[in-house]
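Here is the structure we will look at.
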Amino acid sequence: METVDNILEIHNLKTYFFTEDGEVHAVDGVDLEVRRGETLGVVGESGCGKSVTFMSVLRLVGMPGRIVEGNVVFNGQSLLELPESEMVQIRGNKIAMIFQQPISSLNPVFKVGDQVAEVFETHQGLNHEQAVQRAVEMLAQVGIPDAKRRAESYPHEMSGGMAQRVMIAMGLAMTPELLIADEPTTALDVTIQAQILDLMRALKERIGMSIVFITHDLGVVAEMADHVAVMYAGQIVEYTDVGTIFREPKMPYTQGLLGSIPVLGVIKDELDSIPGTVPNLVDPPNACRFAPRCRARVEHGLTICEQAEPQLLPVGSTTHKVRCWLYHDCPSLNYVAPHSTGIAAEPRLEPSATPARA
Amino acid sequence: MGTYLVRRFLQLAVVILLATMVIYALLNAVPGGPLSGVRQELINTRGATGANVASDMARLQRDFDLDLPVWQSYLRWLIGWPKLADRPNRGGILFGDLGDSWQVARGQSVASLIQSRLGNTLLLMTSATLLSLLVAIPIGINAAVRQYSAFDYLATTGAFFGTAMPVFWFGMMMIMIFAYYFKQLGWFYLPTGNAVALRPYDVPFLGTVLPETILDRGLHLVLPTIVLSLLYMAAWSRYTRTSMLEVLRQDYVRTARAKGLVERLVISKHALRNALIPLVTIIALQIPGLFGGAILTETVFNWPGMGRLYISGLNAGDWPLVMSLLFITAVLTVVSNLLADVMYTFVDPRIRLS
Ligand SMILES: Nc1ncnc2c1ncn2[C@@H]1O[C@H](COP(=O)(O)OP(=O)(O)OP(=O)(O)O)[C@@H](O)[C@H]1O
Ligand code: SF4
Ligand SMILES: [Mg+2]
């Protein structure tokens, strides 16, 4: 076994929403790790469960959602078993999360300065005046001009970009060990985006902060991330270091994301559109979630993709992991993969599953 | 804000003017004419062909301007113009002259009638409103925070009970139990009927209660306040619950949790502050009710308040009284609507008057 220092490990995490239409498997068996001092980029189409995964880490998923299974280990401590009184000391302090939609993530009836100050009041026990002063410093640090005056603004008086910086200031306030940034630069223009990324990188270097960077922007991933996790329909489908993901993506979905045929030195800025739609996450079958949209499945004439759920397993000897039947065998169905790595999967099967080849 | 208020005041004036027209039209829409009640009474006491019925009616018609063209009598009622040499001058309702009562207290001014009742109604309505808010808001919040819990179901059931319960039935049950049976059993009981007692009475634990003391008034207030509050509590706890549930789904509540705030603060600071904003409307729109009173509750408890005054006026065909009460309610309603809008700007920084 490799000996790496993981600040965060997610094991078989399942977070479901129990709605009138059925169980929405928003997060359905996610395995991930974030190495200390590194940045993990998380990419995937809208609705694939990126946000819910990391909200689950902080135990912020509310009704009708619930973590039904799995384990989250932060600094060797299992977060899902922690009493709420200890959990509040981790949130905003050791692990901070910056949410999408900055304007609606700020409370409309409080001044933004006070909202940032609240972090210092909560975790450092500063009085309001001291806390506001620290908040103003934080706001200046994330590049808000005239921070003292802007601290007096209400969220609706700010642009999306300004509000996003307030969120970032709030997230960085306690210099957390782990920062989860959920599309933090989407609302910003390019120069400010660059400033924010620089700021994060500087903090990462200076205090050894680890970062989870959720984004749609593969350019940002290439720039920021050390490792990359690709998510599809509530599951991680590929995980590897940033060089490998651009050089040799294995899973057909990842290849699609990167534009089918990756061209060396050319990095696509936006997710390429892949034919078909994101699957319905209500009571999904025990099969590859990507099967209906997968060209490789058709090309190789694979039937197993719709009968058994592929598992996230290594390909080759590296830390490269893929969830795809192109690379793993399935002895119980007498299946041998076209690009077999010699690694076998023991998956959940559809009731109708029959041995593929005799 | 200045120009906004000017515009709103102009709107308000137009609405009140329209309201006076409707109110005055009501007078003339009474079946058998506005004086039918008075005539019936004359006939009852003197017989159909009794002495002077016809001439008395003619005199009353003149006294109340009912023989004038409608526009003249309306304007005299509204602003006291045009002045007519052979008739008494009127001040006009817009300038505070509510006229004299025809029936309920013949010859007495409507203003003095209202004065004698207003205190009782303000007392009952204010205590019921405050009690209801104090109980309903915490219930609503807790029901929302613990949605689908036993507490939530209990609160829901209680609210259905409160809404569905006819006030006259519930009021009478309360009187029977707490005023009648408790007294029979020699237990502590609550006096009912009227707002004060006429003569001293004995209550266990309290001894002799003298009429018109604060204690006497307080004891009389308890039952009607409870009965009336149940109704408001039912509605307002539901309202608070809905509002709170809406707020709890918002992104900023999640942000507050993500900061590491303890749940108690997330609720009491971040969520509550937002959830209470819509309650401003409820509180503002309660203002006309504070003056108008509660008709059913006042009737059941024989409470000498505005609600009962209104009903007596309607029953007796005392139109100056009824029209005055309707007018006051109309003015208070539009004013409290404006007040609600102004209050919003204080509680919600997103709202600016413009
Ligand atoms: N409150 C909820 N009730 C029901 N389903 C929900 C709820 N919240 C999220 N989901 C479902 O969970 C799935 C994952 O949502 P999530 O927000 O994690 O997606 P995402 O990958 O972050 O997408 P995006 O890129 O748009 O932010 C979605 O399909 C969504 O329908
Ligand atoms: S498992 Fe089959 S369907 Fe799924 S990505 Fe691999 S080849 Fe395509
Ligand atoms: Mg998201």
Report yes if A:PRO314 is in contact with a Pro (Cβ under 8 Å, 6 or more places away or on another chain) and either within 16 Å of ligand 3 (Cβ to nearest atom) or modelled with pLDDT of 80 or more (or both), otherwise no.
no
How many residues, within the stretch A:24-63, are away from chain B (no Cβ under 14 Å), on the phi > 0 side of the Ramachandran plot and more than 16 Å from ligand 2 (Cβ to nearest atom)?
3
Matching residues in the stretch A:170-182 - criterion: being buried (at least 24 other Cβ atoms within 10 Å of the Cβ) and modelled with pLDDT under 90:
A:ALA173
Which of (1) more than 9 Å from every other protein chain (Cβ to nearest Cβ); (2) touching a Phe, Trp or Tyr at 6+ places or on another chain (Cβ under 8 Å); (3) not in a helix (DSSP H, G or I) is the odd one out, the single condition B:ASN302 does not satisfy?
(2)
For residues that are within 9 Å of another protein chain (Cβ to nearest Cβ) and either more than 18 Å from the chain's Cα centre (by Cα) or of a type in the set (Asp, Glu) (or both), tally how many sit in the stretch A:64-102.
7
Taking only the stretch A:166-191 into account, find how many residues are in a strand (DSSP E or B) and within 16 Å of ligand 1 (Cβ to nearest atom).
3
In the stretch A:27-78, how many residues are within 16 Å of ligand 1 (Cβ to nearest atom), over 15 Å from A:GLN235 (Cβ atoms) and free of Cβ contacts under 8 Å to residues at least 60 places away in the same chain?
10
Whether any residue in the stretch B:181-190 is surrounded by 19 or more Cβ atoms within 10 Å (Cβ to Cβ) and within 27 Å of B:SER243 (Cα to Cα) is what I want to check.
no
Checked pairs for the stretch B:23-39, first in contact (Cβ under 8 Å) with a residue 24 or more places away in the chain, second not in a helix (DSSP H, G or I), C-beta under 6 Å and 6 or more apart or across chains, list as B:LEU27/B:PRO34; B:GLY37/B:GLY317
Quickly run through the stretch A:205-225 and pick out the residues that are assigned to a helix (DSSP H, G or I) and buried (at least 18 other Cβ atoms within 10 Å of the Cβ).
A:LEU218, A:VAL220, A:VAL221, A:MET224
Pair list, Cβ < 7 Å and 6+ apart or interchain, from the stretch A:8-24 residues that are assigned by TED's automatic domain parsing to the domain that holds A:PHE74 to residues that are within 16 Å of ligand 2 (Cβ to nearest atom) and part of a strand (DSSP E or B):
A:ASN12/A:GLY29; A:LYS14/A:ASP28; A:LYS14/A:GLY29
Can you name the condition, by its number, that A:VAL24 falls short on among (1) surrounded by 16 or more Cβ atoms within 10 Å (Cβ to Cβ); (2) near ligand 1 (Cβ under 10 Å from one of its atoms); (3) within 12 Å of the chain's Cα centre (by Cα)?
(3)
Search result, residues across the stretch A:149-165 that are closer than 21 Å to B:GLY260 by Cα and within 16 Å of ligand 1 (Cβ to nearest atom)
A:GLN164
So which helices (runs of 4 or more DSSP H) stay within the stretch B:172-283 end to end and still have 1 or more residues that are more than 14 Å from every other protein chain (Cβ to nearest Cβ)?
B:214-248
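The values are calculated or read from the model by the stated rules, or taken from the named source; none is laboratory data. It should be emphasised that the depicted structure is a prediction, and the values quoted were computed from it without experimental measurement. All Cβ positions, glycine included, derive from the backbone under ideal geometry; neighbour counts span all protein chains shown.
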